[in-house]
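Take a look at the structure set out below.
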Amino acid sequence: MTEAISTTGLTKFYGEHRGVIDVDLGIREGEVFGLLGPNGSGKTTCIRLFLDLIHPTSGSATILGLNSQADSVRIRQEVGYLPGDFVTYEKLTGRDLLEYFANLRGHGMAHAESLAERFDLDLTRKIGELSRGNRQKVGLVQAFMSDPRLLILDEPTSALDPLLQQEFHRMVLEETAAGKTLFISSHMLSEVEIICDRVGIIREGSLAAIEEIATLRERVLTRVEIEFSDPVSAADFHGLDGVTDVVVSDHRLTCSVTGTVDSLIKAAARHTVIRMESAQPGLEEVFLAFYSDDADKEGPGAA
Amino acid sequence: MLRNVYLKSLRDSRKSILFYSIGTMALGLYVTLFYPTIRDATGFTDFLEDLPEVFQALIGDAETYTTAEGFLNAEVFSFMGPLIVSVFAIIAGTAAIAGEEESHTLDQLLANPISRTSVLLQKAGALLTGLLALSVALGIGLVAGSKIAGFDLSITGTAQAIASLYVLGATMGLLALSIGAATGRKGLAGGVTAGVGVVGFLLDTFLSVVEVLEPARFISVFYYFNNNDVMLNGINAAHMLALVGLTGVAVATAVWRFDRRDVSV
């Protein structure tokens, strides 16, 4: 099976400034891949290198089996792209813009019209008059309308309300069912974990790790707080599988859990539980999981 | 008008093309309608002949005002015509690529399956088409005005002078487009090109009477545009080729550079 995206030592410096350093990435066709990292970590740089909008300082990228620089026009024929900040011709109406890009891509408007309808998007209004969310819809429509083999989406749901995010997730599922590949960047784990099969974690321009979502969940620390009806003893919770940082004060327990919460739940069940809260791990926690001593032993960048 | 980059660019500048064309046509009409008044004003040519050489360089010598061609050469093709055409060309040239880049639309355009060279050449084509509209409008203004005012105008002289003006406009516009494409900087493209025009004009007009600066006029675009008074003496092929050559080098360099540089978000 050919790889949809494959990079070797991909490096980009903007003069003195770091873009990305030595990125080795292999994304299978048909996969939904998430690139996760904080702002300024190099996500957008990667994407712009794939589309040949910027050129690598060293290393190379192969997109759908084609060289990102030599065959960039053929690549872009097969790629739908949504930039992080979708800015386009403000004086054009949505329909005019989609028609222009459809002409440049050599296809009709039928799919664009049906996508716009699906997003409940008014194509007669000028793009400059649209709200940020509606403009993002135009961006999504133009990315999906050519029915591309590969979709590269930079923070696609950032401006969408929850309902539209769900609609977007459904579209992603349909695309994968049709065998398409998606490359999605985000700075929120919660966004990528719903839709992605694998996640690459990028930090200060370097790829720190590539993990299956399931594996990632196992390694990520979840903060758990349990309130019991009676005071409990910390000893009951020490030495449980994946449970650390146990602190008991009176009838309240806080701890960190990696992987499954099963052993904690079973231990807690011996007491009467009033309330249980677990915090969705943020990006900080994901990084902590990967930069703790444990992660270092296995080596960052281990795929 | 949204079929390709060329037509889209024309669509973007359709209002500008319309207004500037009205401007050049109005200039053609105004000057031709005004000419008989000057021609019939007795004593004016005597006055001119008594002027020092430097003032004649500035406002024209006696011949300028006694023939229609001489008058149009001075009033249309020495200052106002080049000014209007150059302003249009520089604005269109800077907007073409650097303008799109600075308004953040170039990124999305280039994400489509189209080569940068094609984008550059189609935008250059749109600029040349716009200039053609201005030139035709000027021609219509001049010919119609001469008919209304009732004097004969050399059609070949007029056509050649307009052609020369067109080449000047193309040079200025494509120079601005090229600098913008090569650097992505609109201000730089407009500033440098306007500088080339203004310095060229000064060198060829006012400073041509300063002996020390005489050799410097060869670096002036205005020297190649109209130093030999195209309206009166016909087009100078070598001069036109010099402008076309300069433009060709600028565009070729821009194509090379634009293809290799990073496009900003």
- Could you list log10 I(q)/I(0) for chain B at q = 0.11, 0.13 Å⁻¹, which the Debye formula gives when each Cα is one point scatterer? -0.63, -0.84
- Per residue, how many Å² of accessible area does chain B show with a 1.4 Å probe? 43 Å²
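Give me the net charge of A:Asn67's neighbourhood, meaning all other residues with Cβ under 12 Å from the Cβ of A:Asn67; Lys, Arg count +1, Asp, Glu -1. Spell out each step's value before the answer.
On the way: positive: A:Arg74; negative: A:Asp52, A:Asp71.
Overall, the nearby charge balance is -1.
Indicate, rounded to the nearest 5 percent, the antiparallel portion of the DSSP beta bridges found entirely in chain A.
Details: 40 of 58 bridges.
The antiparallel fraction comes to roughly 70 percent.
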- List the lysines whose Cα lies under 17 Å from the Cα of A:Lys12, skipping any in the same chain that are fewer than 8 positions away. A:Lys43
- Query: Could the peptides B:182-188, A:140-146, B:152-158, B:213-219 be put in order, highest first, of the mean number of other beta-carbon atoms found within 10 Å of their residues?
  - Reply: A:140-146, B:182-188, B:152-158, B:213-219
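Of the DSSP beta bridges with both residues in the protein assembly as shown, give the percent that are antiparallel, rounding to the nearest 5. Spell out each step's value before the answer.
Working: 40 of 58 bridges.
DSSP beta bridges in the protein assembly as shown are roughly 70 percent antiparallel.
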- With eigenvalues of the C-alpha gyration tensor scaled by 5 and rooted, segment A:3-217, Å: 27, 19, 17
- Query: For segment A:221-279, what is the Kirkwood hydrodynamic radius in Å, using each pair of distinct C-alpha atoms?
  - Reply: 11.1 Å
- Message: Ignoring everything except DSSP H segments at least 4 long, calculate the 222 nm mean residue ellipticity for the protein assembly as shown; use -39,500 (n - 2.57) per segment, divide by total residues, nearest 500.
- Response: -16000 deg cm²/dmol
- Note on the structure: Partner shielding of A:78-86, taken as the mean number of other chain Cβ atoms within 10 Å, equals 3
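Just list whichever of A:Lys126/B:Lys15; A:Lys137/B:Lys186; A:Lys126/A:Lys180 have alpha carbons separated by over 22 Å in the model shown.
Values: A:Lys126/B:Lys15 18 Å; A:Lys137/B:Lys186 30 Å; A:Lys126/A:Lys180 31 Å.
A:Lys137/B:Lys186; A:Lys126/A:Lys180, as the Cα separations exceed 22 Å there.
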- In square angstrom to the nearest 100, the accessible surface buried at the B/A interface, both sides summed with a 1.4 Å probe, amounts to 2300 Å²
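Can you pull the mean other chain C-beta count within 10 Å for peptide A:67-77? All intermediate terms of the calculation are to be shown ahead of the outcome.
Values: counts 0, 0, 2, 0, 0, 6, 6, 1, 1, 6, 3.
Average neighbour count from other chains, rounded to a whole number: 2.
On alpha-carbon atoms, Rg over Rh for the protein assembly as shown using Kirkwood Rh? Don't skip to the answer; put the middle values down first.
Working: Rg = 33.4 Å, Rh = 28.2 Å.
Checking Rg against Rh, the ratio lands at 1.19.
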- When the accessible area of the protein assembly as shown is computed with all protein chains present and a 1.4 Å probe, what percentage of it is carbon and sulfur? 57 percent
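How big is Rg to Rh over segment A:3-129, alpha-carbon atoms, Rh as the Kirkwood inverse-mean-distance radius? Working shown, then result.
Working: Rg = 16.9 Å, Rh = 16.5 Å.
Taking Rg over the Kirkwood Rh, I get 1.02.
Per residue of B:99-111, what is the mean number of Cβ atoms on other protein chains within 10 angstrom of that residue's Cβ? Write out the running numbers ahead of the final one.
Numbers: counts 0, 1, 0, 0, 4, 5, 6, 1, 10, 12, 5, 6, 16.
Partner-chain Cβ atoms within 10 Å, mean over residues of B:99-111: 5.
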- Note on the structure: Rounded to the angstrom and largest first, Cα extents along the principal axes for segment B:145-265 equal 58, 39, 24
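Can you give the local net charge around B:Leu2? Use residues other than it whose beta-carbon is closer than 14 angstrom to its beta-carbon, Lys and Arg +1, Asp and Glu -1.
On the way: positive: A:Lys91, A:Arg95, A:Arg105, B:Arg3, B:Lys8, B:Arg11, B:Arg14; negative: A:Asp96, A:Glu99, B:Asp12.
That sum, taken over residues with Cβ under 14 Å, equals +4.
Taking only protein heavy atoms into account and a 1.4 Å probe, give the accessible area per residue of chain A in Å². Mind showing how you got there, number by number?
Values: 13340 Å² over 303 residues.
For chain A, the solvent-accessible area averages 44 Å² per residue.
The values are calculated or read from the model by the stated rules, or taken from the named source; none is laboratory data. Worth saying up front: this structure is predicted, and the values here are computed from it rather than measured. Reconstructed Cβ throughout: ideal geometry from the backbone, glycine too, with neighbour counts over all protein chains shown. We work out accessible area using only protein heavy atoms, side chains counted, and drop any ligands, DNA or RNA first. Shrake-Rupley method; radii C 1.70, N 1.55, O 1.52, S 1.80 Å.
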